1. How about the range 109-144: which of its residues are away from the ligand (no atom under 11 Å from the Cβ) and farther than 17 Å from Val44 by Cβ?
2. Just one of the numbered conditions (1) more than 8 Å from the ligand (Cβ to nearest atom); (2) in contact with a helix residue (DSSP H, G or I) (Cβ under 9 Å, 6 or more places away or on another chain); (3) modelled with pLDDT of 95 or more is not true of Ile173; which one?
3. So which residues in the range 117-132 are open to solvent by 40 Å² or more (accessible area, probe 1.4 Å) and within 16 Å of Leu37 (Cα to Cα)?
4. From the list Leu65, Leu30, pick out the single residue that is open to solvent by less than 10 Å² (accessible area, probe 1.4 Å) and assigned to a helix (DSSP H, G or I).
5. Could you tell me whether Ile132 is in the same structural domain as Val44 (by TED's automatic domain parsing) and in contact with a helix residue (DSSP H, G or I) (Cβ under 8 Å, 6 or more places away or on another chain)?
6. Just the residues that are more than 10 Å from the ligand (Cβ to nearest atom), of a type in the set (D, E, K, R) and touching a strand residue (DSSP E or B) at 6+ places or on another chain (Cβ under 8 Å), please, taken from the range 145-170.
Amino acid sequence: MEILLERYKDLVPDRYLVTEERLAKMINVLVHRQYTLRVFMDYVYSHHNLSAIVRSCDAVWVWWLYYRHQKQLRLNDEVTMWAHKWLLIDYVEDIKDFYKSIKDQGYQIVVTTLDQDSKDFREIDYTKPTLIVVGNEVDWVSKESIDFADEKVIIPMYGMSQSLNVSVATAVILYEAQRQRQIAGMYDSPTFPKDLIIKILYKWAFEDIIKNKS
Ligand SMILES: C[S@@+](CC[C@H](N)C(=O)[O-])C[C@H]1O[C@@H](n2cnc3c(N)ncnc32)[C@H](O)[C@@H]1O
């Protein structure tokens with residue numbers, strides 16, 4: 001813990017109301033969060049699946065998720081295990097604007113779909129800034145997602161069923177991305193803008209504590 005706090009002393013906020021151990025854990029999570037690996041849940045319907053996807057994202061240090069569903073996102077704490085407290089989950093109002101802005105930021109849009117020309121998900125280079133798009137439990141992803149796709153991917157299915165549960169499929173793809181990024185050393189140094197880490201740490205280690213006390 002001391003080593004980590006010493007290594008990242010320039011990230012420690014001026015004021016914090018948590019133990020140094022807790023602060024070290026928060027710093028450890030943030031400096032490993034993969035700022036350029038994101039997930040879009042395109043009309044994933046069930047709150048259980050949405051919650052399970054949030055938990056899988058936390059597990060591989062994804063920070064930024066997006067969703068398109070009812071504006072009021074209802075997550076099941078027992079499924080997320082509170083991981084949603086430590087991630088950014090944004091609602092997508094206008095999907096075309098969303099994809100245009102993601103592309104303008106230099107992200108490749110990797111869409112899960114059963115198309116003829118879909119590639120095996122392991123053929124993709126996930127060390128690039130990447131948005132992974134997963135879809136609805138019945139209808140798969142939306143037409144807009146197909147239209148904006150830079151890459152279309154499928155997880156090979158060898159049995160009788162043609163698809164996995166969406167949260168399982170998301171986790172499979174995320175761990176491939178994690179494997180590639182680990183090999184590329186992307187977990188060894190922060191990919192997060194420093195000022196954003198300091199801002200989030202101040203919120204987690206000071207503002208949220210004050211708020212929860214009041
Ligand atoms: C469960 S599928 C939809 C299944 C649909 N009800 C059917 O039976 O064809 C829902 C989402 O899970 C993801 N998914 C499921 N299986 C997949 C696979 N083999 N490859 C890629 N994505 C998959 C995709 O994001 C898809 O939009």
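1. Taking the range 109-144 as the starting set, the residues that turn out to be away from the ligand (no atom under 11 Å from the Cβ) are 109, 116-117, 122-131, 143-144.
Residues satisfying the conditions are Gln116, Asp117, Arg122, Glu123, Ile124, Asp125, Tyr126, Thr127, Lys128, Pro129, Thr130.
2. (1)
3. Those that are open to solvent by 40 Å² or more (accessible area, probe 1.4 Å) and within 16 Å of Leu37 (Cα to Cα): Arg122, Asp125, Thr127, Lys128, Pro129.
4. On inspection, the qualifying residue turns out to be Leu30.
5. Here the answer is yes, as Ile132 does meet what is asked.
6. Across the range 145-170, the qualifying residues are Asp150, Glu151.
The values are calculated or read from the model by the stated rules, or taken from the named source; none is laboratory data. Every value quoted in this text rests on a predicted model; they were computed, and no experiment measured them. For neighbour counting, all protein chains shown are included, and Cβ atoms are generated from backbone atoms with ideal geometry for every residue, glycine included. Quick note on the areas: whole protein, heavy atoms, side chains included, nothing else; ligands and nucleic acids left out. Shrake-Rupley method; radii C 1.70, N 1.55, O 1.52, S 1.80 Å.
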